[in-house]
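One structure is given below, encoded as structure tokens.
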Amino acid sequence: MANNNGNGKSLESWIWDAACSIRGAKDAPKYKDFILPLIFTKRLCDVFDDEVNRIAGEVGSRMKAFQLVRADHKLVRFYLPLVPEDPDEPVWSIIRKLSFRIGEGVTTHMRSIARENPLLQGIIDRVDFNATTHGQRDIDDDRLSNLIEAISTKRLGLRDVEADIIGKSYEYLIRKFAEGGGQSAGEFYTPPEVGTIMSRVLAPESGMEIYDPCCGSGGLLVKCEIAMEELAKGRARTVAPLKLYGQEYTADTWAMANMNMIIHDMEGQIEIGDTFKNPKFRNKQGRLRTFDRVVANPMWNQDWFTEADYDNDEFDRFPAGAGFPGKSSADWGWVQHMHASLNETGRAAVVLDTGAASRGSGNAGTNKEKSVRQWFVDHDIIESVLYLPENLFYNTTAPGIVLFLNKAKAKERERRVLLVNASKIFEKGDPKNFIPDEGIRRIAETLTGWKEEEKLSRIVDHAELKKNDFNISPSRYIHTSDAETYRPIAEIVEELNAIELEAKETDEALRIILRQLGVGA
């Protein structure tokens, strides 16, 4: 990263070192709910200082500038009710100079900032820096003081670091937390190269409305804005920004998404709540609101939604012929929600477990998940499917797929689907593999250009998909090596689990019928 802010260390290195100042790299992820709001607040303080200095240049002194912004908060983007005894000192010094009951003081200042700024309420004031668990402080004053001092070594103002640089650094910090976050990491973070491919293929245009129904830390929405600005080619500051909308179930992650958007200097609306049971984005008639683009990485194979949740849906998200995909996985339930959230020319990209592309295909009898896949194929909504390399995601080693939907496919693409098997396009990393820049470009260009390439991509017509019992996994159609190719073990295990569950459901249904007939009771 180019910006070193005077001390020879990149902003990314500094921001990670600051996070590690509490108890080292191994324990830093445990403290993310304290670290992220503090760095965010440091940015707010330094930007506020810059705005006060600008006004002071016009009115003669910082003291007068403080008085003006206190009287009219509209003079600054975020008003901070922090005024140093010496008005020429930085605003952050009020937090930096805390020496007694530091956790209590930081919490008080955070809450006072939130009270003055409705946009920040619930975002920086939800964390209690003085909290205890079983009588022990979650972060004691010594460690908190070390963190504040580490954060204080760099200035994060408007002239010190541009929004895109601080934004990238903040995303870097979120990624580092994901590396040590175990199973929970997948709930708030999607690997950036996957998000970049998705956003480049969706190619959002200036002023479009973009929606992520399970937005985590907001990274996929940010990637869409970046892709739009890249397409603008130098006109990024003259074109209208995207209108970004997201919903997130977990409160801490919702707060993370809001901070991420603001620190990137992007404006969006992030709602909190269970999208599946209570989608927050609705039109004036109370129906589901629709968008130009939908992008998402929902938690894979959620099993806590019942058939009643689908049957009782009031938003017409689960049409006849599709509907309930079975209890063991809500993957295609999420796809149906995203499809219902698209306008007439809308397009979507959604990350799913690889099993979602093949479970039930080739089995005797009917399968609910396969039936939903068939509905999407028959209605010609699937434009392409990307099979990813293994060990990219932080909560699983499974490869995953990206499903691309288009409600207005070009005539030459009708009744056909582009399948891309990118399982070999990666480099080994620690702790996770990654797709290099050239690989990102190659995959994105293959998908956007609908190009066929041996051992990478094939255009398959619907007749062939039907012949293969609506298996849409690229690994089924594209062999990536010269040797005999076997299907991935994880995919086979997924299908065996689905078959076993289906058999149990059938046995139970049969037992109920027999009891009703008085047989074998």
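The values are calculated or read from the model by the stated rules, or taken from the named source; none is laboratory data. Keep in mind it's a predicted model, so treat the numbers as computed, not measured. FYI the Cβ positions are ideal-geometry reconstructions off the backbone, even for glycines, and counts take in every protein chain you see.
Within segment 132-153, the set of residues being over 28 Å from the mean Cα position of the chain (by Cα) and assigned to a loop (DSSP other than H, G, I, E, B) comprises HIS134, GLY135, ASP140, THR153. Taken across segment 464-472, residues that are modelled with pLDDT of 95 or more and either in contact with an Asp or Glu (Cβ under 8 Å, 6 or more places away or on another chain) or farther than 23 Å from SER329 by Cα (or both) do occur, with at least one present. Give segment 3-41 a look and list any residue that's of a type in the set (Val, Ile, Thr) and at pLDDT 90 or above, or say none. Scanning segment 3-41 gives ILE15, ILE35, ILE39, THR41. Where residues in segment 277-310 are in contact (Cβ under 8 Å) with a residue 12 or more places away in the chain, of a type in the set (D, E, K, R) and part of a loop (DSSP other than H, G, I, E, B), which of them is farthest from GLU205 (Cα to Cα)? Checked segment 277-310; the qualifying residue farthest from GLU205 (Cα to Cα) is ASP303.
For the condition within 26 Å of THR41 (Cα to Cα) and over 15 Å from the mean Cα position of the chain (by Cα), LEU220 does not qualify.
Could we say that SER481 is hydroxyl-bearing (Ser, Thr, Tyr), closer than 23 Å to ILE401 by Cα and modelled with pLDDT of 95 or more here? It is false that SER481 is hydroxyl-bearing (Ser, Thr, Tyr), closer than 23 Å to ILE401 by Cα and modelled with pLDDT of 95 or more.
Here is a check on your reading of the model: is ASN367 polar (S, T, N, Q) and over 20 Å from THR190 (Cα atoms)? For ASN367, the condition - polar (S, T, N, Q) and over 20 Å from THR190 (Cα atoms) - is met. The set of residues from segment 122-160 being of a type in the set (Val, Ile, Thr) and either crowded, with 19+ Cβ neighbours inside 10 Å or touching a His at 6+ places or on another chain (Cβ under 8 Å) (or both) comprises ILE123, ILE124, VAL127, ILE139, ILE148, ILE151. Residues considered: ASN471, ASN395. Of these, the only one that is in the same structural domain as HIS339 (by TED's automatic domain parsing), within 25 Å of TYR211 (Cβ to Cβ) and surrounded by 15 or more Cβ atoms within 10 Å (Cβ to Cβ) is ASN395. Of the residues screened, LEU419 is not one that is within 22 Å of TRP334 (Cβ to Cβ) and within 19 Å of the chain's Cα centre (by Cα).
For segment 342-372, a residue qualifies if it is crowded, with 24+ Cβ neighbours inside 10 Å and polar (S, T, N, Q), and the qualifying residues are THR354, SER358. What about TRP254, is it in contact with a strand residue (DSSP E or B) (Cβ under 7 Å, 6 or more places away or on another chain) and over 20 Å from GLU229 (Cα atoms)? Against the criterion (in contact with a strand residue (DSSP E or B) (Cβ under 7 Å, 6 or more places away or on another chain) and over 20 Å from GLU229 (Cα atoms)), TRP254 qualifies.
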